[in-house]
Amino acid sequence: MSVYDDVLTAVIDLAEQAGVYAPIVIGPMPPDNGISIAWSAGNLNTFMDKKAAVSMSAVLNCKHTDQQTAADALGRIHTFLNMRKDYPSAPSFQITNIETTGAPVYLGREENSQWLYGSSLEVKFYLRGDFIG
């Protein structure tokens, strides 16, 4: 796995601590009554010394047959991640901040009665290890 996959997995592990109704899966579209996260197609932005500091955007979406459950889950995750004072680290990365860039919003209702909500996050982290030159 790449360091970017490792960072996304760390964000998932952290977000699941918010006590949501389903495990968070990797991908842009959640399963029925599920939650998903994926890196967005946007830019990988470097900041500070441009060698080790990275900022990436992720989409965080959920579906549920109960509209309130879907809306509350994304709100709970965003609040939990935004209010953190400490973030995960590993030998290859250190997450420094996670913030909401797109608040949870209603996206639509599917024919199978699943309410779809979407949002986005910005994850800032430092790369560590031999690949930094």
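The values are calculated or read from the model by the stated rules, or taken from the named source; none is laboratory data. Keep in mind that this is a model prediction, so the values were computed, not measured. Neighbour counts are summed over all protein chains in view; Cβ atoms, including those assigned to glycine, are modelled from backbone coordinates with ideal geometry. For accessibility, only protein heavy atoms count, side chains too; no ligands or nucleic acids. Shrake-Rupley method; radii C 1.70, N 1.55, O 1.52, S 1.80 Å.
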Task: Filtered residues of the range 60-73 (kept if open to solvent by 10 Å² or more (accessible area, probe 1.4 Å) and either at positive phi or in a strand (DSSP E or B) (or both)) - done: 61, 63, 64
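A quick yes/no check of all residues on (1) more than 22 Å from residue 116 (Cα to Cα); (2) in contact with a Gly (Cβ under 7 Å, 6 or more places away or on another chain); (3) of a type in the set (D, E, K, R):
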| position | (1), (2), (3) |
| --- | --- |
| 3 | yes, no, no |
| 7 | yes, no, no |
| 11 | no, no, no |
| 23 | no, no, no |
| 31 | no, no, no |
| 36 | no, yes, no |
| 41 | no, no, no |
| 66 | no, no, yes |
| 77 | no, no, no |
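Each row is one residue, and each column tells you yes or no for (1) in a helix (DSSP H, G or I); (2) open to solvent by 60 Å² or more (accessible area, probe 1.4 Å); (3) among the aromatic types (Phe, Trp, Tyr); (4) farther than 23 Å from residue 27 by Cα.
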{"residue": "75", "(1), (2), (3), (4)": "yes, no, no, no"}
{"residue": "100", "(1), (2), (3), (4)": "no, no, no, no"}
{"residue": "103", "(1), (2), (3), (4)": "no, yes, no, no"}
{"residue": "108", "(1), (2), (3), (4)": "no, no, no, no"}
Open item on the list: Give me the residue from the range 110-133 that is of a type in the set (D, E, K, R) and surrounded by fewer than 17 Cβ atoms within 10 Å (Cβ to Cβ) and, out of that set, modelled with the lowest pLDDT.
Closed with: 130
TODO: Hey, could you check the range 78-88 for residues that are open to solvent by less than 70 Å² (accessible area, probe 1.4 Å) and closer than 24 Å to residue 1 by Cβ and say which is nearest to the chain's Cα centre (by Cα)?
DONE: 81
Task: In the range 32-54, the residues that are exposed (fewer than 14 other Cβ atoms within 10 Å of the Cβ) and at pLDDT 90 or above - done: 32
Task: Options 79, 65, 100: the member that is of a type outside the set (A, V, I, L, M, F, W, C) and in contact with a helix residue (DSSP H, G or I) (Cβ under 6 Å, 6 or more places away or on another chain) - done: 100
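I need the full set of residues from the range 1-20 which are assigned to a helix (DSSP H, G or I) and surrounded by 15 or more Cβ atoms within 10 Å (Cβ to Cβ), in order please. Don't jump to the end; show me each part of the working.
Of the range 1-20, the ones assigned to a helix (DSSP H, G or I) are 3-16.
Answer for the range 1-20, where residues must be assigned to a helix (DSSP H, G or I) and surrounded by 15 or more Cβ atoms within 10 Å (Cβ to Cβ): 3, 4, 6, 7, 8, 9, 10, 11, 12, 14, 15, 16.
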- [ ] Exactly one condition in (1) among the hydroxyl-bearing types (Ser, Thr, Tyr); (2) assigned to a strand (DSSP E or B); (3) open to solvent by less than 50 Å² (accessible area, probe 1.4 Å); (4) closer than 14 Å to residue 126 by Cα is not met by residue 57; state its number.
- [x] (4)
